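Below is one structure, written out as structure tokens; the observations come after it.
The values are calculated or read from the model by the stated rules, or taken from the named source; none is laboratory data. Every value quoted in this text rests on a predicted model; they were computed, and no experiment measured them. Using ideal geometry, Cβ is built from the backbone for each residue, glycine included, and neighbour counts are taken over all protein chains shown. These area figures cover heavy atoms from the full protein model, side chains too; ligands, DNA and RNA do not enter into them. Shrake-Rupley method; radii C 1.70, N 1.55, O 1.52, S 1.80 Å.
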Amino acid sequence: MEQNLNLTAEAMSDSDERMKETLALSSEAERDRDKSMSDSDSEDEAQQNLQIESLQTELVTNPSNYDAHLQYIRLLRRMGDVDKLSRAREAMSELFPLSPTMWRQWIKDELSLNTAARPEAFSRILKLYERGVFDYLSVSLWCDYINFVQEFDPMVRQFSPTGISKARDLFESALTAAGLHVAEGSKIWEAYKKYEQDILLTFDDTDEQAKEKQVQRIRSLFHRQLSVPLAGMSSTITAYKTWEMEQGSLQDVESIDLVDIYPHVAASYQKALEMYNARFHLEEQILSPNISDSERLQHYMNYLKFEQSSGMPARIQVLYERAITDFPITPDLWLDCTRNLDNTLKVGNIVSNVYSRATKNCPWVGELWVRYMLSLERGHASEKDLSEIFEKSLLCTFSTLDEYLDLFLTRVDGLRRRMASSSEEDLEYKIIRETFQRASDYLSPYLKNTEGLLHLHAYWARLETKLGKDITAARGVWENCLKLCGSMLESWTGYIAMEVELGHINEARSIYKRCYSKRFSGTGSEDICQSWLRFEREFGKLEDFDHALHKVTPRMDELKLFRMQQESKSAEESEKNTKRNAREKRKLGSDITEEQSPSKRFRDVGNPKKAPEENKYHVQNISQVTKVEGVNWKNTKIDDNPSEQQFSYEKNRGYSDQCTAFLSNLHPTANYEHIRNFFSDVGGIVAIRILHDKFTGKSRGLAYVDFLDEEHLAAAIAKNRLKLIGKKLSIARSDPKRGGRESSNPKTLTEHADATNHSSQKASGSKETDDTYKGDVKDVKFSSRKPGNDNIQLKGKNTFAVPRNVRPLGFTTNKPKAEEGDEKPKSNEEFRKIFIR
């Protein structure tokens, strides 16, 4: 037994030791787990800190990044950094409206950190609720707001007269904002009635008069609610009957009809019930969870059209607020909503508040900012408020420059109206001038030669004379406008009209002298000439009229000739297009043809009468250099600035005149723009043709430049040996006749004719790839005979008619004369006899 006891003791001792070891291992494992968790937490914290730093950098560089604000707030909320979280929410709230969910989270965090019973905490949370219900319509946020006041405001909780008044004002504000909300508005009505019923319980039975007054107030609330189409109307009417029975007005809820006691209430309830039934399917559509956002938005639009047909502004506005809450960044909703308010209310804090929210939700819509400024002006806002809104609008990014222009003009309009009124005597004109100057500096680089910029300067110049009383400043405005919009006829006529209106005839005449020779679009050049003559007839002397006539007549003849040339070219181009289309149609019909047999081809050679017509023309022109079809530009608008000219091309036979320069030694990278800029001081360029290799497509260093007349051509040739892109150009007069047989200079013939040929070979691979100048040059069959070389090269699609093993008639060689035994070359007539046999 003792042995057993000893064994048992030893076993217990071993068990204790193993238990100790297990506990030690467990403790060590727990320490390792705690350490690993601590390490993991430290890693997560380090990663979160990196994310916070990254988001802070992003928000500094791009404060308008909405998603970055959201991520930053979520991360700070997770880490529990209260101070940074509060600052982050304030920063986001200044730029964007917060959703009801974000406001409720913010208020919840504030309540968890502070005791609302403390005055400073209560006041801060109360302001958060006020800001929250301002951003978007939310019935749940309004209910939280009301419950917070009832719970933590001691005067409201104790039903003191001041507290009761404060609570009723809050309830009425809630009803104004959301009392017509068909789906959820009844929550606010029920909370209001409950509060009034709680007040009734505080009265003593001895104060019958006060008690009866409170009963009547509760009854009035029931009547108001029953006249509004809301969800749960049947339960509301039942609750009302029950309440009336408690007051002793009804004996039985089921047996007595409401019409017998309050007929007007019954009629209002019946009308509201019909209105609710008419809207029931529309409510179901917008509240359905199984539809897409686009479908829900369309249902809202249909619902709005239905409400607008009823014509109740308050109900329409509540529905707009509901739609905006679901789709806060839809510009069309905000535009329609503000337009509805402008047509109904026009002025008041409600309209300006909606515009403030609209511009925060959709700051990229310029029209909202314009309407906002007009709304403030209707409400007689101060110059400080208007200036602040205008400056905010300029910080936004709009899709078009016209929106910026509209903002500047709206600002000037308001300043002009207030300056003209007697109430704004302290408003100085320099503010208008500064606004115009900012608009011009900002928009001029992007709106040159546009009607918008012209209108801005014309408006500016007129106000300089009318309000600023400074004619010198007005002329300075017009001179600046001419620099920016000088190619527009309206710029010059507007300047002239101002001088004529002020009676400055000589100044107006000097402007006519500056612009009558300029080129304007359409018939503008003719119009300015006729305008000058009309001006001198009405305001000038006979000598002035004669002088104008002397200047204008040659100009009118020149313009008339140019118009005739353009019309002629247009007619020729139309005719050529017609012929080309007809030729292409014939080619389509003859694509598939039977190939002639060799014997038939030889018979055609032996019988010249049966040879195709094109063979005869081919033989006739064997040794002639075919003239290259020139490419001339035809423009519908001639302007002093060639970069703004619109070009179209037509093909003519040969050159239309001899005013063409031949350029060689061009840099391989030189393009049409380089050549045009090189001759910019010469002017008068009609067309540019750069020759390219037909296989590689690279520039051959050769080009033709057509000019209007000999004067421009001579000026261009005078620039010979000047450098273009580091290479000296060789410039000479181009003579198309030198490409023919009559040229006496073999080198000129070879180079010039070969260049001419390549300039016209479109089908064989010639390329002209510049964006501005693009020609459509007809394919030309080119063949030539060089002096000193008797070899004749036949090219064309009909060379099959010439026997391959027979030299053509008249063939000669430089070899020694044949010996007597050699066979003499046979003539064509001998070959005909051979084949005819």
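Of everything in segment 312-325, what is open to solvent by 50 Å² or more (accessible area, probe 1.4 Å) and without any contact (Cβ under 8 Å) to a residue 24 or more places away in the chain? Give them in sequence order.
Once the filter is applied, which keeps residues that are open to solvent by 50 Å² or more (accessible area, probe 1.4 Å) and without any contact (Cβ under 8 Å) to a residue 24 or more places away in the chain, segment 312-325 yields only Met312.
Can you spot a residue in segment 525-533 that is assigned to a loop (DSSP other than H, G, I, E, B) and either under 30 Å from Leu453 (Cα atoms) or in contact (Cβ under 8 Å) with a residue 12 or more places away in the chain (or both)? Show your work before the answer.
Residues of segment 525-533 that are assigned to a loop (DSSP other than H, G, I, E, B), as a first pass: none.
There is no residue in segment 525-533 that is assigned to a loop (DSSP other than H, G, I, E, B) and either under 30 Å from Leu453 (Cα atoms) or in contact (Cβ under 8 Å) with a residue 12 or more places away in the chain (or both).
Out of the residues in segment 654-706 that are among the aromatic types (Phe, Trp, Tyr) and over 40 Å from the mean Cα position of the chain (by Cα), which is nearest to Ala732 (Cα to Cα)? Break it down stepwise before answering.
Kept after step one, since they are among the aromatic types (Phe, Trp, Tyr), are these residues of segment 654-706: 655, 662, 672, 678-679, 695, 704.
With over 40 Å from the mean Cα position of the chain (by Cα) added as a condition, the list becomes 655, 662, 695, 704.
Working: Tyr655: 16, Phe662: 5, Phe695: 27, Tyr704: 10 Å.
For segment 654-706, the residue satisfying everything is Phe662.
What pairs come up if the first residue lies in segment 143-170 and is in a loop (DSSP other than H, G, I, E, B), the second is of a type in the set (A, V, I, L, M), and their beta carbons are under 6 Å apart, counting only those six or more places apart or on different chains?
Listed by first residue and then by second, the contacts come to Phe159/Ile199.
Name every residue in segment 286-301 that is under 13 Å from Tyr320 (Cα atoms) and either modelled with pLDDT under 95 or touching a helix residue (DSSP H, G or I) at 6+ places or on another chain (Cβ under 7 Å) (or both), in order of residue number.
The answer is Ile286, His299, Tyr300.
Can you name the residue in segment 124-150 that is polar (S, T, N, Q) and more than 46 Å from the chain's Cα centre (by Cα) and is also surrounded by the most Cβ atoms within 10 Å (Cβ to Cβ) among such residues?
By that ranking, first place goes to Gln150.
Checking Gln225 against (1) free of Cβ contacts under 8 Å to residues at least 40 places away in the same chain; (2) closer than 20 Å to Ile146 by Cβ; (3) more than 53 Å from the chain's Cα centre (by Cα), which single condition isn't satisfied?
Failing condition for Gln225: (3).
Just for segment 163-198: of the residues that are in contact with a helix residue (DSSP H, G or I) (Cβ under 9 Å, 6 or more places away or on another chain), under 15 Å from Arg217 (Cβ atoms) and of a type in the set (Lys, Arg), which one is most open to solvent (accessible area, probe 1.4 Å)?
Step by step, filter segment 163-198, then rank; the result is Arg168.
Among the residues of segment 509-534 satisfying the criterion of being more than 36 Å from the chain's Cα centre (by Cα) and hydrophobic (A, V, I, L, M, F, W, C), which is surrounded by the fewest Cβ atoms within 10 Å (Cβ to Cβ)?
By that ranking, first place goes to Leu533.
Specify which of the listed residues (Ser86, Ser64, Ser93, Ser123) is over 25 Å from Pro328 (Cα atoms) and out of contact with any Pro (no Cβ under 7 Å at 6 or more places or on another chain). Show your work before the answer.
Numbers: Ser86 fails: over 25 Å from Pro328 (Cα atoms); Ser64 fails: over 25 Å from Pro328 (Cα atoms); Ser93 fails: over 25 Å from Pro328 (Cα atoms).
Going through Ser86, Ser64, Ser93, Ser123 in turn, just one is over 25 Å from Pro328 (Cα atoms) and out of contact with any Pro (no Cβ under 7 Å at 6 or more places or on another chain): Ser123.
Only one of these is closer than 26 Å to Leu75 by Cβ and not basic (Lys, Arg): Ile125, Ile164, Ile146. Name it.
Details: Ile164 fails: closer than 26 Å to Leu75 by Cβ; Ile146 fails: closer than 26 Å to Leu75 by Cβ.
The match here is Ile125.
Can you name the condition, by its number, that Leu549 falls short on among (1) out of contact with any Gly (no Cβ under 9 Å at 6 or more places or on another chain); (2) open to solvent by less than 50 Å² (accessible area, probe 1.4 Å); (3) within 25 Å of Glu507 (Cβ to Cβ)?
(2)
State the number of residues belonging to segment 362-414 that are closer than 14 Å to Leu443 by Cβ, open to solvent by 60 Å² or more (accessible area, probe 1.4 Å) and β-branched (Val, Ile, Thr).
Total meeting the criteria: 1.
Restricting segment 95-123 to residues that are among the β-branched types (Val, Ile, Thr) and within 23 Å of Val156 (Cβ to Cβ), which is nearest to the chain's Cα centre (by Cα)? Spell out the reasoning first.
The first filter runs over segment 95-123 and keeps only residues among the β-branched types (Val, Ile, Thr), leaving 101, 107, 115.
Those still in the list that are within 23 Å of Val156 (Cβ to Cβ) too: 107, 115.
Details: Ile107: 40, Thr115: 52 Å.
Ranking the qualifying residues of segment 95-123, first place goes to Ile107.
Would you confirm whether any residue within segment 199-207 is of a type in the set (S, T, N, Q) and at pLDDT 95 or above? Talk me through it step by step, then tell me what you get.
So the first thing to find is which residues in segment 199-207 are of a type in the set (S, T, N, Q), and the list is 202, 206.
This time we only want the ones that are at pLDDT 95 or above, so: none.
No, every residue in segment 199-207 fails to be of a type in the set (S, T, N, Q) and at pLDDT 95 or above.
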